[in-house]
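No value in this document is a laboratory result; all are computed from the given coordinates. Just so it is clear, the model here is predicted, and its values are computed rather than measured. Here Cβ is always computed from backbone atoms with ideal geometry, including for glycine, and neighbour counts include all displayed protein chains.
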Amino acid sequence: MGVSLTIRGWWEKGGLLGGGELKGDKQKNNVDRKGGSGMRNAVNIGVWVLVVSLLMGVAVVGVACGGDEESTTTTEEQGTTETTGGDGETAATVSEEPFYAGKTIKILVGHAAGGGYDTYARMISQVMEKYLPGSTIIVKNVTGAGGIICANTLYNDTEPDGLTFGTFNSALPLGQVTGTEGVQYDLTKMSWLGSPATKVYSGVLSVDAPISTWEEFVEYEDELIFSSSGASSQATIVPNVIAQMFEKDNVIVPLGYDTPEGLMSMRRGETNGRFGSWDSMLQFVQDGYAEPFIFVGAKAPEGYDDVPLLKDVVEDEDWRPVSDALTAVNQVARPYVAPPGVPEDRLKVLRDAFEKTVKDPEFIELGEQLQRPVDYVSAEEAAAVMESVMGMADDKVQILKDASSAE
């Protein structure tokens, strides 16, 4: 601005033509009476053009290079703003829209609608959108083989773009370590998000079953039928392991029953019992249709201290590591993973959003309303459990493999 004022003052005092102000008679006396006025007019026009050009040039230079003032350039296409200080350094402020804005995220669930795994997934989809602004989260049930099909899909057939993650039976690490038919995944290579809960696992018997307690179970010799969803499900592995532990050949485990269907089969009298997460059994028990007879976990649920824990009834030390493994997988009661190879920046966003979701008061309140306990397990903790199960000694794996009837 200072430069343009100087030029203006210089022009008003005569500028290139000199002679001070050109006014009145003095102006006339300075004009050549033999046609010089035409030349003077031409010169004046030329001077105007030159001065205007100079003024424009100075203005541009003043903005581009002026003193200590900052200049700001915004590039809308890239969504970034650059601020340049007087020392020439540039600070970039990223205003780019988050990756998940406008995206649809899918949660794959390895079990049918209405069960525990499905319920937690729908709780997560309801709350997690607030931590991934602009996203839409949908739940898709990919059922079959006790969750193996879902795990295989996530591992082999899902783009690692951070737009799909899923959940499946917590016993799948046992299926992997025992080499269950159909397993085509490696849980140690998945992109772990964590778990919204730990759990106590339970065995329940129909109130119409011929027995009702653990002691009666051990002594009973006639056929007992416990429903299950698939070969790698805990509902298959746990009763088979227990039958082997206590040398019982009367335990039958038919497949093809997800939790809701399995519970209904008990009411119809087709089956005698079911093994499952206690939060999935609790309402059925409270409604008077069944009673627990064994728990697999660190401690019994409140109010059921008279029901034994598996770890307390195992007497043969050869079975101790197997009992410990069955307890360990319950630490990751509702596993959540994305495919291997999700970019680190997107995986971090997903993990952060998952943690905030599970710790959100709205999520916790939903869990209370639906009788689904909430106990956050981090991605690192979940991955460590997977490593510990996969690291079982070969002889213990063989025990587990034989007991679970895996090929």
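Details
- Within-12-Å neighbourhood charge of P173 [Cβ basis; K, R +1; D, E -1]: -2
- FRET efficiency, D222 to A113 (Cβ-Cβ, R0 35 Å, nearest 0.05): 0.50
- Estimated FRET transfer efficiency when R0 is 30 angstrom, pair A101-A384 (beta carbons, to 0.05): 0.35
- Between E247 and D316, the distance separating the two model label sites (each 7 Å from Cα on the Cα→Cβ line) works out to 0.8 nm.
- Electrostatic tally near W319: other residues with Cβ closer than 14 Å to its Cβ, Lys and Arg +1, Asp and Glu -1, net -4.
- Here, region 262-303 yields an orientationally averaged convex hull projection of 3.1 nm² when only Cα atoms define the hull.
- In region 201-329, the DSSP beta bridges split such that about 70 percent are antiparallel, to the nearest 5.
- Across region 201-329, Cα-Cα pairs more than 17 Å apart make up 53 percent of the total.
- Where the alpha-carbon atoms of region 273-407 are placed on the principal axes, they occupy 48, 42, 24 Å, in descending order.
- Sorted by Cβ neighbour density within 10 Å, fewest at the top, the residues T153, T104: T104, T153
- Inter-label distance, nm, simple model (7 Å from Cα along the C-beta direction), D324/D161: 4.4
- Electrostatic bookkeeping for V332 treats Lys and Arg as +1 and Asp and Glu as -1; over the other residues with beta carbon under 10 Å from its beta carbon, the sum is +1.
- Relative exposure of L350, L255, judged by other C-beta atoms within 10 Å (fewest first): L255, L350
- Taking 0.36 nm per residue of separation and subtracting the current Cα-Cα distance, fully stretching the chain between D352 and A393 would add 11.3 nm.
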